[in-house]
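Each reported figure results from applying straightforward, stated rules to the coordinates on display, with no laboratory input. Remember, it's a predicted structure, so these values are computed and weren't measured experimentally. So basically every Cβ, Gly included, is an ideal-geometry build from the backbone, and we count neighbours across all protein chains shown.
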Amino acid sequence: MAVQPDNVVTLPDGRALGYAEWGDPVGVPVLHFHGTPSSRLEAAIPGFDQVAERLGIRVLAIDRPGIGLSDPKPRRTLLDWPADVAEFADRLGFSRFSVYGVSGGGPYAAACGYRIAHRLRSVGLVSGIAPMQVSDAREGMSRESRTMFWLGRYFPWGLRMMVRRQARHMTTLSITAMLEGLKRIPEPDRRALEEPGRVDAFVLSIKEAFRQGEDGVVDDLRLASRPWGFALDQVPMVVNLWFGGRDANVPPAAGRYLARAFARSEGRYYPDEGHVSLLTNRYEEILTGLLATGVREGDTPITER
């Protein structure tokens, strides 16, 4: 089916969660957790719907609270997200499903693997950030990203000012300016974004993150900057990992750390992929990997936490 970008479900507490979906409307459900700053529109990239449909997968990308079409959740924590996801799945009639998180969505996928593993068939992190208190998480990371996470942990007001400036810039960003900016990013990412329609989709997704202002993005970065609230080795299921060797946003050192930290993991490393190109070039491999793990591990009984 064509991408359905503007759907909303209402949770038991009255909050709305916005989501986009694509792929096979009666396929295996897989939930996509977007990066930061980004939104449910992140993976609505030309061609992704055909890949998911061919594989028999129904992909649903959810806006986190305060982002896009999702209502804010005051004082939210990382471990509040699995409950929202479980209620979202209940509303759509999914008893079991898979999840994967991209970049800043990685901690949210890991939190689901920890808290609602009994509902999951598989879980994955695609260029997913690691806990920022670990030095490996920051090794090779750009100065701007390190600054954001440092501010998020120690000076939240400074992070808000930084994100507010970013929001003003992104909400007025033109496609022409974005194309000019491609000259400054790693070559694999530049090539990936030069494909027809991809820059437009990328810009639209980031602008949508700031639909309600900067609060949702600030919350995302603040939570990612601080301890996640659970030990990674307490995630009871296999965690699939995909990392690019030329990623300037989440360098491969973070992936190697996560592979060691999770009790059970399967890492896939691509030396010639970047942050954006990994998702766009390896999307079919990512979905296929989640399906394969779900078939192999999906019926393993896991106790509810």
Amide H contacts under 5 Å for Gly124, placed H, 5+ residues apart: Val99, Tyr100, Gly101, Asn240
So what is the relative contact order of the chain, in percent, for Cα pairs below 8 Å that sit 6 or more residues apart? 22
Ala2 to Ser142: extension gain in nm, 0.36 nm per residue of separation minus the Cα-Cα distance? 46.8 nm
Enumerate the calculated ³J(HN,Hα) couplings along region 89-104 in order (Karplus 6.51 cos²θ - 1.76 cosθ + 1.60, θ = phi - 60°), each rounded to whole Hz, writing x wherever the residue is Gly or Pro. 4, 4, 4, 9, x, 9, 8, 10, 6, 10, 9, 9, x, 9, 6, x
Pulled fully out, how much extra length does the chain show between Arg260 and Met161, if you take 0.36 nm times their separation in residues and subtract their Cα-Cα distance? 32.1 nm
Protection proxy ranking of 103-112, 17-26 - average other beta-carbon atoms within 10 Å, highest first: 103-112, 17-26
Could you calculate the contour length gain from Gln234 to Asp80, that is, 0.36 nm times the residue separation minus the distance between their Cα atoms, to one decimal place in nm? 53.7 nm
Please state, rounded to one decimal and in Å, the Kirkwood hydrodynamic radius that the chain gives when every pair of distinct Cα atoms enters the mean of 1/r. 19.0
I want to check the label-to-label distance for Asp90 and Arg211. Put each point 7 Å from Cα in the C-beta direction and report it in nm to one decimal. 2.4
Tell me, Kirkwood radius of region 152-288 from alpha-carbon pair distances, in Å? 17.0
